[in-house]
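Student: Structure provided below as structure tokens; questions to follow.
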Amino acid sequence: MKRKYFGVIAFFLAVCLCFGSMPGLAVKADSKTEDLKNKAKKKEEENKELEKKVSGMEKEIEAMDQKIEKASDKADKLEKKLNETKKQVSDTKEKLSEAKASKEKQYKIMSKRIKYLYENGNTGYIDVIVQAKSFNEFLTRLDYVSKISNYDNNMFHKLRKTQDKIALASKKLEESYKEIKTVTNEAKAEEAKIVSLADSKKSKLIQFQQKIASNKDLMRKYQDRIDYYDTAANKPSGGNAGNSPSSGSSKPGGSSSSLTWPVPSCHTVTSPFGNRTHPVQGGTKFHEGIDIGAPKGSTVVAAGSGTVEVAGYSPYNGNWVKIDHGNGLETLYLHNSSLKVSAGQRVSRGQKIASSGSTGMSTGPHLHFAVKKNGSYVNPMNYM
């Protein structure tokens, strides 16, 4: 009777322990999911603030672009006026030179006449007059001499007046040119200042936009992980152990999340682990890793410390690396543009081992990342 009683108690305790452990596992999964949701929410809130800043900056930049356009038009008009004034200065200087030459020529003619009169005892004009044979001829010669004298005087004064007038115009144009040049330089400086401020704003805007994009990538990554945990939590306990976070395929140290993400700058999984339509060969095939979208040349790092088993090229894998982390765990990195390690080399977690690319059987730049445990491919997401 006692044995039967103790047997019932033992069975009851075993049932309690079994069912009591399940909520613990659920709480653990819920905790991870909740943590990811909180992270995603923070990124979403951060993006809202960034988008407000982006919206404000876009308006500021639009206003600055309008100011730049006006400043540029003003500077162009002043530059045109400056060039026109410069040409006027040049033309006026040329006219001034011509006027000076004409005055000098006339002066030389007058000098010759004065010299002639001086050398002939200042009697040249008098002789011309007194040698007249009649009174009418006397008057004619007198008028002639008077006209020559008046012509010389008038011409000289007229030329000097023209020269002075052109010289004054030239001086005013040069002063105007200097003023316009100063204003033009100020307008160009103002335009350059606005352009510099706008460029600074645009640079900041690009940074914000890149941050928003990065946050969205992280949010997608978090959502993928949340969906994964939700799916894993709803699977029967006898499901595929290779695809479950609690499958027992643990890394050294017993943690199923002991690998670091292999492409620090990119977090978007473009093709997950499992069956898919092959992008090159077609048909449904099992995808033995995950594809991470990454521009050519992105840094690829070792997901964990270990020894490089393979660092080379094959027609299918392209430039690829295989690292042995011990305890039956290996990681593979395919389709790289270039490799930074060699076989037999010891590498540390986070150390750069390659640059992403699209070599081998690939349709575009990405990293194919795979994890093997005891010789079998397992879902890399269980180890991240």
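Student: Amide H of GLN351: which non-local residues (sequence gap of 5 or more, or other chain) have their own amide H closer than 5 Å, using H built in the peptide plane?
Tutor: Correct list: ALA302.
Student: Pop the C-beta distance of LYS202 and LYS42 into the FRET formula with R0 = 30 Å and round what comes out to the nearest 0.05.
Tutor: The formula returns an efficiency of 0.65 here.
Student: What nm value, rounded to one decimal, do you get for the distance between GLU79 and ASN136 when each label is placed 7 Å out toward the C-beta?
Tutor: Distance between the two pseudo-spin positions: 7.5 nm.
Student: Classify region 147-219: rounded, prolate or oblate, from the alpha-carbon gyration tensor (a ≥ b ≥ c, eigenvalue square roots; a/c under 1.5 rounded; otherwise prolate if a/b is larger than b/c)?
Tutor: prolate
Student: Please state the charge dipole magnitude for region 271-355, taken about the Cα centre, from unit charges on C-beta atoms (+1 on K and R, -1 on D and E), reported in debye and rounded to the nearest 20.
Tutor: Dipole magnitude for region 271-355 comes out near 220 debye.
Student: Roughly how many nanometres apart are two label points built 7 Å out from the Cα toward the Cβ at GLN210 and ARG349?
Tutor: The answer from the label model is 2.8 nm.
Student: From the residues THR299, GLY364, ASN317, which one has its Cα farthest along the dipole of region 256-384 in the positive direction, the dipole being from +1 and -1 charges on Cβ of Lys/Arg and Asp/Glu about the Cα centre?
Tutor: THR299
Student: Hey, another quick one. Report relative contact order for region 256-384 in percent, whole number only (criteria: Cα-Cα under 8 Å, sequence separation at least 6).
Tutor: Over region 256-384, the number comes to 30 percent.
Student: To the nearest Å, what is the center-to-center distance of region 299-315 and region 155-204, using C-alpha atoms only?
Tutor: 67 Å
Student: Would you calculate the separation in nanometres between label points at ASP91 and ALA189, each defined as 7 Å from the Cα along the Cα-to-beta-carbon direction?
Tutor: Each label point lies 7 Å from its Cα, and together they span 3.1 nm.
Only the coordinates and a few stated rules stand behind these numbers; no lab work does. Keep in mind it's a predicted model, so treat the numbers as computed, not measured. For neighbour counting, all protein chains shown are included, and Cβ atoms are generated from backbone atoms with ideal geometry for every residue, glycine included.
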